[in-house]
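Below you'll find the structure, written out as structure tokens, and then a few comments.
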Amino acid sequence: METYTTTVGGQDVLVHVGPDFGPMPAPGVLGLDVESTYLTDRAQFDPAFKVRTVQFATEQEAWVLDVTDPAQRATAAGILTDTAFSFCSHTNMDVLSVLAEFGIDIADRNIDTRALAIMADPDKDNDRDLKTLGTLYGMDELRQDDESLYAWMQARWVDAGGRKNAAKAHIEQVGWDALASLPVDELPDRFFIYAGKDAIVCRRLLPLLIPATQAPAELLRIEQWLAATCNRIQARGLRVDENELNSLLAYARAETGDAERVAKEITGGITLRSPKLQGWFGEHGVEWDDWTGALTPKGTPSLAKENVKLIGDFPLDEQGRAVFDALIKFRRSLDLLNKCEGISARIVDGRIHPLLNPVGATTTARMSSSGPNLQNMSKTDRRMRGMFLPDPGHELWTIDFDQVELRVVAGLAREEKMIETILAGGDLHQLTVDELAAMGVTISRQVGKMANFLIVYGGGPKALAEQAGIPLDIAAEVVYGIRERYPAINALTIYMSGMKDEVRTISGRRLPVTVNRKTGDVRSYANVNYLVQSSARELLVDAWHRFAVDFGHDGVVWWPVHDELVLQVPTGEQAAQIIADAERAMTLDFMGVPITASAVRLVDEQGVSRWMPGDVAEKIAKGKS
DNA sequence: TGCCCTTGCGCG
DNA sequence: AAAGCGCGCAAGGGCA
């Protein structure tokens, strides 16, 4: 064993490297970090993935164990298995790595310091890697060591013939990959020292970050539960109908490829995604000034969803018509293509394992998903969600809150008209229509719905005019009318916009106010949205926790989508009870406002359970009966 | 050529 | 005075 003496936060620490582990650390919380083979798209789920070293640390001492050595591996496994130890690590990567390498699930015994760092400082613009946090909390050595390691990697990479002017991030990536493929016994000392210090810094951050969150203990407790639960969902993965995936992939490649070829030929090289295409259409019959569809934030015509078809309503010339047809064909399959490629690149044993980040939305702590993002699968193209199947012997159900954000804002503001309507089982969008009618402003229910979203999102006349395709003066009447007819919400908006420092959710979570980058102004109009969006997220997580823990249905949630839980329920008699419990868990009183939810069984026309939007499943069920 | 920033669009 | 919020991903376009 080699022991290095170095410093963290100006204090001497020891980093033990090697086979003779030395005295065991006392039971308690250890900083944990692993180094692995380089990460492919499939990351820890790649069959070739291997952990190379495991680092444990107290605040003063780190042990770096070479997992390729059987004795050290056994020592590491012993500590990881021993429930007298719990761990803290940065991100959930180490938890997944330990599971992949050792088959040991430490999710319940691990605290994610990165998640704590977000709670401590939810400003989206700030970095939260260990070395940045280390510097922030008086442990700058990690940054220094990182630079030393970087210099080593740069020399190695440039010597190996890399581009001399490559960006630092690029060299770092290549450097880490190079390190990851070196045999462990050829790694430089500074690598092990860095690795050990990583774990020490992580361990030292824990007691610093917890008070920095200023979060109530109950909130921290539920976040801990959620993090472990999200980890297990990722590890379990989602089953993919691979035949369907492959046929969709072939179809989407052919469709988009054909369309792209045709369009390029006619336009002389303009792709079907290029902003230049709109100018081209302008020369082939489209009067953009007469565009009646929605606009993008930039004010150019939006071609999202069905909008793109509006181009066909203009008197196009022959070339314009041909490119339009190609564009329609392209747009119909582009999203499908991208999603299928993403899924295909990550499939392992018929499953994908997207990250489910419990606090992915830094500003509001909503959950996010990536690799691939499973929270933005198309609802209009059923084939995308339809690729995902429950495990054998199970079926999928979906249960979602009804208009949860509007109800939350109604409750927080105590907007009596809204609350009465909710209690009476009425329609909040129609209420807005009726309230405006009382002021002599006539709008459709569709615009009433958009107007209600403005309340939640903090929008103004311009946004409504653009999205609804109505004149600015009418939109202004709607917006100002709403402020008058919903005085309590208006008061809440004014009250919240007075908060220039932070916003607190119903659970006491601190949220940041945000700043307009160009003007430097505080975007205080967004505060109501942050409060509402984040509080609604907490209501969902609380309901999920009740369902999993209080009702004893741990592991039943298949995938969450903000205000919705998709459930994977064993087929059979107990299914009805599980669904009933889910409905009970998601039915609650929020400040006198009932929050309700209803479950839908997801079964296609052939009687096969697969993922799909709830309203689609309801239509299928109706068609059958 | 590769990197970085912006834009658009899917979901909520 | 006015201000649509939060994500992840792919691709375009400017730049070196």
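So who's got an amide H within less than 5 Å of the one on A:Ala62, skipping anything under 5 residues away but keeping other chains? H placed 1.01 Å off N, in plane.
Result for A:Ala62 returns A:Leu14, A:Val15, A:His16.
List the trypsin sites (Lys or Arg not before Pro) in segment A:364-429 that DSSP assigns to loop (not H, G, I, E or B) and whose Cβ has at most 13 other Cβ atoms within 10 Å. Which are they?
Working: sites: A:Arg366, A:Lys379, A:Arg382, A:Arg383, A:Arg385, A:Arg407, A:Arg414, A:Lys417; in loops: A:Arg366, A:Lys379, A:Arg414.
Filter output for segment A:364-429: A:Lys379.
May I ask you to list the lysines whose Cα is less than 27 Å away from that of A:Lys518, ignoring any residue fewer than eight positions away on the same chain?
A:Lys124, A:Lys276, A:Lys298, A:Lys462, A:Lys500
In whole percent, what relative contact order does segment A:1-83 give with Cα contacts below 8 Å and a gap of six or more residues? Mind dumping the intermediate values first?
On the way: 126 pairs, mean separation 23.0, N = 83.
Normalised by residue count, the contact order of segment A:1-83 is 28 percent.
In degrees from 0 to 90, rounded to the nearest 10, what is the angle of the helix A:527-545 Cα long axis to the longest principal axis of chain A?
Computed tilt is about 70 degrees.
If the viscosity is 0.890 mPa s and the temperature 25 °C, what translational diffusion coefficient in µm²/s does Stokes-Einstein give for segment A:4-123 when Rh comes from Kirkwood over Cα pairs? Could you put the intermediate results ahead of the total?
Numbers: Rh = 15.0 Å.
So the translational diffusion coefficient is about 163 µm²/s.
Just tell me the longest site-free run in chain A, where the sites are GluC sites (Glu not before Pro) in a DSSP loop having at most 12 other beta-carbon atoms within 10 Å. Please list the in-between numbers first.
Details: sites that count: A:Glu283, A:Glu287, A:Glu573, A:Glu605.
Between the exposed loop sites, the longest stretch runs A:288-572.
Name the residue farthest towards the positive end of the dipole of chain A from the options A:Met418, A:Ile482, A:Gly138, assuming +1 on Cβ of Lys and Arg, -1 on Cβ of Asp and Glu, about the Cα centre.
A:Ile482
Pop a pseudo-label 7 angstrom from the Cα along the beta-carbon direction at both A:Leu39 and A:Thr68 and give the gap in nm to one decimal.
Going by the 7 Å Cα→Cβ label model, 2.1 nm.
What ³J(HN,Hα) values, in whole Hz, does the Karplus curve 6.51 cos²θ - 1.76 cosθ + 1.60 give for segment A:204-215 when θ = phi - 60°, with x put for Gly and Pro?
3J(HN,Hα) across segment A:204-215, in whole Hz: 6, 5, 3, x, 7, 6, 4, x, 5, 5, 6, 9.
Residue-wise, which Karplus ³J(HN,Hα) couplings in Hz belong to segment A:340-354, taking 6.51 cos²θ - 1.76 cosθ + 1.60, θ = phi - 60°, and x for glycine or proline?
For segment A:340-354, the Karplus-derived couplings read 5, 4, x, 5, 4, 5, 10, 6, 9, 6, x, 9, 10, 10, x Hz, x marking Gly and Pro.
Can you classify segment A:242-389 as rounded, prolate or oblate using the Cα gyration tensor, where a ≥ b ≥ c are the square roots of its eigenvalues, rounded means a/c under 1.5, and otherwise it's prolate if a/b beats b/c and oblate if not? Provide the component values of the computation, followed by the final result.
On the way: a/c = 2.77, a/b = 1.61, b/c = 1.72.
It is oblate, given that a/c is not under 1.5 and a/b is not larger than b/c.
Just the number: Rg to Rh for segment A:485-617, Cα atoms, Kirkwood Rh, two decimals.
Working: Rg = 19.1 Å, Rh = 17.4 Å.
For segment A:485-617, the value is 1.09.
What's the exposure ranking of A:Thr81, A:Thr432, A:Thr514, A:Thr364, going from fewest to most Cβ atoms within 10 Å? Before the final figure, lay out each step's value.
Working: A:Thr81 12, A:Thr432 29, A:Thr514 18, A:Thr364 24.
Ordered by Cβ neighbours within 10 Å, fewest first: A:Thr81, A:Thr514, A:Thr364, A:Thr432.
With a ≥ b ≥ c taken as the square roots of the eigenvalues of the C-alpha gyration tensor of segment A:169-267, please select rounded if a/c is under 1.5 and otherwise prolate if a/b is larger than b/c or oblate if it is not? Mind dumping the intermediate values first?
Working: a/c = 2.58, a/b = 1.55, b/c = 1.67.
Here segment A:169-267 falls in the oblate category.
Grab the Cα-Cα distance for A:Lys624 and A:Met439, subtract it from 0.36 nm times how many residues apart they are, and report the gain in nm with one decimal. Before the final figure, lay out the partial values.
On the way: separation 185, 0.36 × 185 = 66.60 nm, distance 4.49 nm.
Once the chain is fully extended between A:Lys624 and A:Met439, it gains 62.1 nm.
For the residues A:Thr256, A:Thr300, what sequence is obtained by ranking on other C-beta atoms within 10 Å, fewest first? Could the numbers behind the result be given before it?
On the way: A:Thr256 22, A:Thr300 12.
Ranked by crowding around the Cβ, least crowded first: A:Thr300, A:Thr256.
Scale the Cα Rg of chain A by the rule-of-thumb value 2.2 N^0.38 Å and send over the ratio, two decimals. Working shown, then result.
Numbers: Rg = 27.4 Å, N = 625, 2.2 N^0.38 = 25.4 Å.
Expressed relative to 2.2 N^0.38 Å, the Cα Rg reads 1.08.
For a label point 7 Å from the Cα of A:Asp381 along Cα→C-beta, name the residues of segment A:311-335 whose backbone N is under 13 Å from it.
Flagged as within label range: A:328-335.
Calculate for chain A the 222 nm mean residue ellipticity that helices alone would give, adding -39,500 (n - 2.57) per DSSP H run of length 4 or more and normalising by residue count, nearest 500 deg cm²/dmol. Present the calculation step by step, with values, prior to reporting the outcome.
On the way: 22 runs with 296 residues, N = 625.
Theoretical 222 nm ellipticity from helices: -15000 deg cm²/dmol.
How large is the Kirkwood hydrodynamic radius of segment A:1-40, counting all unique pairs of alpha carbons, in Å? Kindly include the intermediate steps, with their values, before the conclusion.
Working: mean 1/r = 0.0787 Å⁻¹.
Result for segment A:1-40 stands at 12.7 Å.
Using Cβ counts within 10 Å as a stand-in for footprinting exposure, how do A:Lys462, A:Lys622 rank, fewest first?
Numbers: A:Lys462 13, A:Lys622 8.
Fewest-to-most Cβ neighbours within 10 Å comes out as A:Lys622, A:Lys462.
For segment A:255-269, just list the computed ³J(HN,Hα) in residue order, Karplus coefficients 6.51, -1.76 and 1.60, θ = phi - 60°, integers in Hz, with x standing in for Gly and Pro.
Karplus values, whole Hz, x for Gly and Pro: 4, 5, x, 4, 4, 4, 4, 4, 5, 4, 4, 6, 7, x, x.
So what is the orientation-averaged projected area of segment A:359-467, using the convex hull of its C-alpha atoms, in nm²? Intermediate values should be presented prior to the final figure.
On the way: hull surface 41.8 nm².
Across all orientations, segment A:359-467 yields a mean hull projection of 10.5 nm².
Can you list the residues, at least 5 places off or on another chain, whose amide H is less than 5 Å from the amide H of A:His90, using H built in the peptide plane?
A:Thr113
Are there trypsin sites (Lys or Arg not before Pro) in segment A:291-346 that DSSP marks as loop and that have at most 11 other Cβ atoms within 10 Å, and which are they? Walk me through the intermediate numbers first.
Details: sites: A:Lys298, A:Lys305, A:Lys309, A:Arg321, A:Lys329, A:Arg331, A:Arg332, A:Lys339, A:Arg346; in loops: A:Lys298, A:Arg346.
Here the trypsin sites (Lys or Arg not before Pro) that fit, given the DSSP loop and packing criteria, are A:Lys298.
Whose amide H sits under 5 Å from the amide H of A:Val503, counting only residues 5 or more places off or on another chain, with H placed in the peptide plane?
A:Leu511, A:Val513
Once a ≥ b ≥ c are taken as the square roots of the eigenvalues of the Cα gyration tensor of segment A:255-338, is the result rounded (a/c under 1.5), prolate (a/b larger than b/c) or oblate (a/b not larger than b/c)?
Values: a/c = 1.67, a/b = 1.18, b/c = 1.42.
It comes out oblate by the Cα gyration axes.
Work out how far the C-alpha atoms of segment A:405-519 reach from end to end along every principal axis, then list the three figures in whole Å, largest first.
Projected onto its principal axes, the Cα set of segment A:405-519 covers 39, 39, 19 Å.
Read-outs throughout are calculated quantities, based only on the coordinates presented, and are distinct from any laboratory measurement. Note that the structure is predicted; figures quoted are calculated from it, not measured. As a convention, Cβ positions derive from the backbone with ideal geometry for all residues, glycine included, and neighbour counts pool all protein chains shown.
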